[in-house]
Amino acid sequence: MPEKKLTDHEEVFVSAYLATLDIRKAAIAAKYADPHDGYEVFRKPYIRAEVKRRMTERLGELDITADRVLREIARIAFANPSDAVQVQTDASGAQIVRILDSDLWPAELHAAVASISQDKDFCIKVQWRDKHAALLALAKHLHMDAGTDDDGKTVKVFIVPAPAGSEEEWEQNAKQAQEESRRRAQEMIDDQQSG
């Protein structure tokens, strides 16, 4: 079946949608009378096909694949910030933390760094990307957020971020998270038995 030629409004709509990924904004850009008309336009099979075609073309040009995105998320999730520093003890016994030359960092650290800045006192601050969010994205991809065990029973995995603070605080928070996980698991069991 030959491709349907887009009208001028539809052409602007598709281009604006690809720029914003927002149907309402695309409808406004295409000057439809009512921004909600964009939902009707987007339902048309030839419009969706054109959006998909252009999106696929763009992803190919940028070499963006699901594998590449997954690898990048994994680099952030499994980066170890301690690989970026070296702890030394000076003559007085004080510990000094030095940031290593970034050329010595493992590749995943480069992906995990959001920014590096230096203040007026020459203190260097390294801002890391959200490791917890990356782990959650991987868990979701691997269907670890909910699944079944070998016996076919539902299993739920809870990933909680490690809080800043002392080891005692961390252990206390870990115990609380473990108790919360047990409580949720028991609720799921109770729900299954009553349902």
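Only the coordinates and a few stated rules stand behind these numbers; no lab work does. Every value quoted in this text rests on a predicted model; they were computed, and no experiment measured them. Glycine also receives a Cβ, built like all others from the backbone with ideal geometry; neighbour counts cover every protein chain displayed.
For the range 101-115, just list the computed ³J(HN,Hα) in residue order, Karplus coefficients 6.51, -1.76 and 1.60, θ = phi - 60°, integers in Hz, with x standing in for Gly and Pro.
Per residue, the Karplus-derived 3J(HN,Hα) values read 4, 4, 5, 8, 6, x, 4, 5, 5, 4, 5, 7, 8, 7, 6 Hz.
Counting other beta carbons within 10 Å of each Cβ, put PHE122, PHE42 in order, fewest first. Could the numbers behind the result be given before it?
On the way: PHE122 6, PHE42 16.
Result, fewest neighbours first: PHE122, PHE42.
Given the pairs LYS25/LYS125; LYS4/LYS25; LYS4/LYS31, which are separated by over 26 angstrom at their Cα positions? List each step's numbers first, then the result.
On the way: LYS25/LYS125 38 Å; LYS4/LYS25 23 Å; LYS4/LYS31 21 Å.
From the list (LYS25/LYS125; LYS4/LYS25; LYS4/LYS31), the Cα-Cα distance tops 26 Å for LYS25/LYS125.
With a ≥ b ≥ c taken as the square roots of the eigenvalues of the C-alpha gyration tensor of the range 1-143, please select rounded if a/c is under 1.5 and otherwise prolate if a/b is larger than b/c or oblate if it is not?
On the way: a/c = 3.73, a/b = 2.71, b/c = 1.38.
The shape class here is prolate.
May I ask you to evaluate 6.51 cos²θ - 1.76 cosθ + 1.60, the Karplus curve with θ = phi - 60°, for each residue of the range 67-72 and list the ³J(HN,Hα) values in order in whole Hz, giving x for glycine and proline?
Using θ = phi - 60°, the values come out as 4, 5, 5, 4, 4, 5 Hz.
Whose amide H sits under 5 Å from the amide H of VAL113, counting only residues 5 or more places off or on another chain, with H placed in the peptide plane?
Distant-sequence amide H within range of VAL113: ARG129.
Would you mind computing, in nm to one decimal, how far apart the modelled labels at SER82 and ILE189 are, each placed 7 Å from Cα along Cα→Cβ?
3.5
If the reach is capped at under 26 angstrom between alpha carbons, list the lysines near LYS140, excluding any in the same chain fewer than eight residues apart.
Reachable lysines: LYS52, LYS131, LYS153, LYS156, LYS175.
At a 10 angstrom cut-off on C-beta neighbours, averaged per residue, how do the peptides 64-72, 5-13, 20-28 rank from highest to lowest? Please report the intermediate quantities before stating the final value.
Details: 64-72: 11.7, 5-13: 14.8, 20-28: 17.2.
Descending packing order for the listed peptides: 20-28, 5-13, 64-72.
Give me a comma-separated list of calculated 3J(HN,Hα) values for the range 82-99, in order, Karplus coefficients 6.51, -1.76, 1.60 applied at θ = phi - 60°, integers in Hz, x for any Gly or Pro.
Rounded to whole hertz, the list is 5, 6, 8, 10, 10, 9, 10, 10, 7, 4, 7, x, 6, 8, 10, 9, 10, 7.
Could you rank the peptides 47-57, 87-97 by their average count of other C-beta atoms within 10 Å per residue, with the highest value first?
Working: 47-57: 13.7, 87-97: 8.0.
The peptides rank, most packed first, as 47-57, 87-97.
Quote the FRET efficiency, to the nearest 0.05, computed for LEU21 versus ASN173 with a Förster distance R0 of 45 Å and r equal to the Cβ-Cβ distance.
Values: r = 37 Å, r/R0 = 0.82.
About 0.75, to the nearest 0.05.
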